[in-house]
Amino acid sequence: MKLKTLIAAFAPAEDNTSFGEKILSASMGLIAMVSMLYISYYYLSPQQLPWFVGSMGASCLLLFAIPHGPLSQPWPFVAGHLLAGFIGISCAKLISLPLLAAGIAVSLAILGMYLLRCLHPPASGTALSMALANNSIQQMGYQYLSTPLLTNIIILLVCALIINNILPNRYYPSRLKTLLSPDEEKPNFQLQLAKEDLKEVLQQQDMYIDVSEEELDQIFSLTATHIRQRRMGEISCRDIMTFPAISAQYDTEVETLWQLMGQYKIHCLPIVDNNNRVIGIVSIADFLNQIKVPTPDSATLKTRLENFIKRTPGQHSNKPEYAGHIMTTPVLTVHQDQHILDLFLLIHQHNVHHIPVINDDKHLIGMITPKDLIASLHSDAKNYGTLNHA
């Protein structure tokens, strides 16, 4: 791996958030934390505060710097902290070894948040702090869940609801905008979205989003593919392929290959082994590649082609005689259950015109040509299945 590539992989991601937005997020976090700490002094001593405020400070980053992110929403924030606090206190009471209790508490908190769909990373800190808390906090027991934990959760949540909704370009929870404007025009995923388009939108939003441009680009691409598949129906390669596929084996003579192509009016033949697995493919181009250079006694293309195709009599030959000698390998194949939309990209990227179709055992079962693919767009897939070679 090149050093430049390695450095680029560890470099910080591009940030489209303005400096003013960063200052605004930090100011909102200041207001919320001061309000929460002021209330916490009524319940915790200065020695107890460090065990509590760490995870709340981390939550402030999510609530005010990434308010639109899925991990910042009210349900993950509230349920995540309460669940993690309950697990942390329970582990501290039931497990005498603090280090073991802390590890189990964090592990169970992650599992519990997954199951309840309330993933909130700072909540893991709540579980950890409760499992390792000093005696004075542990003596509070489950009372800690209501005061100060729930009290401070409410304070931060109220601050997030008020501040994020009075400032421009902000709304919290993330579903609020959809609920307030249900008739707003939805994005058209049929559009070809470029990375520059996503970057420009992020800059216009002026909001840090916990998803990279590459991930957004991939999400839109997959969504567009899903929509096209849904509209076209579940048409697989098996539905449009030509079968049975005419094939040959490694030791099939060149002359026989040419005769098969003429008999079935096809331009390509897959080459299979004794188990009917594709090992190569022979096309008209493979024949022409063998006669590119004219010989002194055969100047015309037709003559050179006829001489090449004709079997050499006797035991010795100075030219390829069998399919295995002229076939192209490796071969691009598709599975019978692949959606036909995959074929467009394969044909474009690999510049192929004949694609063998295989089953789960990698046995050849059919062939697909651009003619099959185009015809599938104009007729029902169930009409396919006859010997209709291109």
Within the set 302/362; 265/292; 292/362; 265/302, which residue pairs have Cα atoms separated by over 29 Å? 302/362; 292/362
Segment 15-177: Rg to Rh, with Rh as the Kirkwood radius over Cα pairs: 0.99
Express in % the proportion of alpha carbon pairs of segment 239-383 at distances exceeding 24 Å. 37
Could you tell me, in Å, what Rg and Dmax come out for the Cα atoms of segment 116-169? 14.4, 46
Name the long-range amide H neighbours of residue 249: under 5 Å, sequence gap of 5 or more, or other chain; modelled H, no Pro or chain starts. 272
Karplus (6.51, -1.76, 1.60) ³J(HN,Hα), θ = phi - 60°, over segment 354-369, in Hz, Gly and Pro reported as x: 9, 10, x, 10, 10, 9, 4, 8, 6, 8, 5, 10, x, 9, 10, 10
Using only C-alpha atoms and all pairs of different ones, pull out the Kirkwood radius for segment 70-159 in Å with one decimal. 12.7
Less than 11 Å Cβ to Cβ from residue 333, Lys/Arg counted +1 and Asp/Glu -1: what total charge do the surrounding residues give? +2
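Of 118, 91, how do they rank once you tally other Cβ atoms within 10 Å and put the fewest first?
118, 91
Coordinate-derived values only; no laboratory data. A quick note: this is a predicted structure, and the numbers were derived from the prediction, not measured. For neighbour counting, all protein chains shown are included, and Cβ atoms are generated from backbone atoms with ideal geometry for every residue, glycine included.
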